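To keep things clear, I will list the structure first and then write my remarks on it.
The values are calculated or read from the model by the stated rules, or taken from the named source; none is laboratory data. Just so we're clear, the structure is a prediction, and the values are computed from it rather than from any experiment. What goes into the accessible areas is simple: the full protein's heavy atoms, side chains included, and nothing from ligands, DNA or RNA. Shrake-Rupley method; radii C 1.70, N 1.55, O 1.52, S 1.80 Å.
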Amino acid sequence: QAIQAINGYTNMTAEEFTNMVFQKIDVNNDGELTLEEFINGVEKDEDLMELISKSFDLSNVLKVIQNG
């Protein structure tokens, strides 16, 4: 949540974000994501890849740290 807030991306709660990820890429619907499921799912979904990249971009966090 903190990284999303620093990046100005706060239109989705952490729970909503997690639920959306599971709905899109938990292919066997067991409520768990293996690393393989996660990687394959993100690689196949360009929108999800972009969303995750923006949500977890640490460049703005580093700027905040550097600027005190």
Once GLU43 and ASP26 are pulled to full extension, the length gained, defined as 0.36 nm per residue separation minus their Cα-Cα distance, is 4.8 nm
Counting only protein heavy atoms with a 1.4 Å probe and every protein chain in place, the carbon and sulfur fraction of the accessible surface of the chain in whole percent equals 53
From DSSP H assignment alone, runs of 4+ in the chain each adding -39500 (n - 2.57), the sum over residues rounded to the nearest 500 puts [θ] at 222 nm at -18500 deg cm²/dmol
Working note, the chain: Cα radius of gyration (Å, one decimal) and Dmax (Å, whole number) are 13.7, 45
To the nearest Å², the heavy-atom accessible area per residue of the chain with 1.4 Å probe amounts to 76
